[in-house]
Amino acid sequence: MSTAQPDHAQTAASGPRVLLYSDDVDTRAEVRLAVGRRLGRGEPDIDWVEVATADAVITTTEAGGIDLLVLDGEADKVGGMGLGRQLKDEIYRCPPVLLLTGRPQDAWLASWSHADAVVSRPLDPEQLHDAVASLVSRRTLAG
């Protein structure tokens, strides 16, 4: 008899699950490096779920257990802005969305996408970390 618990039950003890979408492996690495391994001293490590396609974002989000979606607005084929809007419109209790834009002037487009927060390039590590921490803690409090 197995005593394993579902993944979503383990996330509370292991740290936040953050889905990171970009078709660019370098962008994903830059985001992980900027945010860091954990959100604060003594906090558990972030469980990064990296995906490179829109289909993987949708499937993973629908499965549940994600605390935050970080979407690359500059991704080829399916950008994070349109994808964020689709997820917010179609998924009940969609996790918060942090949108990465190509430039500060694109922030107005992020509001169309229903993003909960926006960080523009070049990515500022402190700003990105603070945005992730804020959205994860808000999600945890809303429970």
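Structure notes:
- Test: GLY40 is surrounded by 13 or more Cβ atoms within 10 Å (Cβ to Cβ) and among the small types (Gly, Ala, Ser): no
Yes/no per residue for (1) surrounded by 21 or more Cβ atoms within 10 Å (Cβ to Cβ); (2) among the acidic types (Asp, Glu); (3) modelled with pLDDT under 95:
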residue: ALA9; (1), (2), (3): no, no, yes
residue: LEU20; (1), (2), (3): yes, no, no
residue: ALA75; (1), (2), (3): yes, no, no
residue: LYS88; (1), (2), (3): no, no, no
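- The requirement of being surrounded by 22 or more Cβ atoms within 10 Å (Cβ to Cβ), at pLDDT below 95 and in contact with a helix residue (DSSP H, G or I) (Cβ under 6 Å, 6 or more places away or on another chain) is satisfied by SER113.
- Selection within region 102-127 - over 16 Å from SER22 (Cβ atoms) and of a type in the set (Lys, Arg): ARG103
The values are calculated or read from the model by the stated rules, or taken from the named source; none is laboratory data. This one's a predicted model, so the numbers in the text were calculated from it and none came from an experiment. Backbone-built Cβ (ideal geometry, glycine too); neighbour counts: all protein chains shown.
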